[in-house]
Amino acid sequence: MGKEEIYYKYKKYLDLLLLFIVSIFAFPLFLIIFLIIKLTSPGPLFYKHKRVGQHGKPFYLYKFRTMLDGAEKLLPEILKKDAQAREEFENGYKLKNDPRVTPIGRILRKTSLDELPQLINILKGEMSFVGPRPIVEEEKVKYGKYLPLLLKEKPGLTGLWQVSGRNNLSYEERVALDMEYIRKKSLRLDIKIILKTISVLFSGNGAY
């Protein structure tokens, strides 16, 4: 068994161990967030979005809904009216001051609690705790020659770019950090990123 095969084998064990530990603490939060969302904003509990998975296989990434119900239908009108917002979205596929985000949604995003349902994606084997960021189909072109390397790995709930500035980084910096992670991947690096993620979550830096 080669070095890379050993890494993937033990990475899977690490995912299962973390999934068990995190789920114990996450379950009460799930219930609390469920009630808050239902009481403050009509619509579904979860938001699912199609992403590009390992080997290019598409999957639906789960998050707690942080926007108004039907938010995707509102986006074209927002981008049509606001040239600055359109440019921001085209560059990073996100809006820093998105008017569709609910007040509770802003708190969930700031604390990254909206990401908790991705434990379901990890359980299904679609994601790992640590890996490159999960991208949408339209983002493939931004990775250029690096796309085959990206698609070789499972997307991660957290990763090198998330602990290095998150949304404060340019898209080019995100790609560079994803490639750095893939080149240097090891269990030691994964554990280091997981530990650093905890401090980043408390700081809320780069989250919106």
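Each value in this text was obtained by applying a stated rule to the coordinates, not by laboratory testing. Predicted model only: the values in this text are computed from it and were never measured. Methodologically, a virtual Cβ is constructed for each residue, glycine included, from the backbone with ideal geometry; neighbour enumeration extends over all protein chains shown.
Details
- Per-peptide average of other Cβ atoms within 10 Å, ordering 24-37, 181-194, 54-67 highest first: 54-67, 181-194, 24-37
- Signed unit charges on C-beta, dipole axis of the chain, positive-most listed residue ILE6, PRO58, ILE191: ILE6
- Where a label projected 7 Å from the Cα of LYS48 along Cα→Cβ would reach, residues of region 115-146 with amide N under 11 Å: 121
- At 1.567 mPa s and 4 °C, Stokes diffusion of the chain via Kirkwood alpha-carbon radius, µm² per second: 72
- Over region 1-89, the pair-distance histogram of Cα-Cα distances with 10 Å bins from zero comes to 13, 24, 32, 20, 10, 1 percent, rounded to whole numbers.
- Cα convex hull volume per residue for region 99-150 (Å³): 123
- Computed as a quarter of the hull surface, the mean projected area of the alpha carbon convex hull for region 44-157 stands at 7.4 nm².
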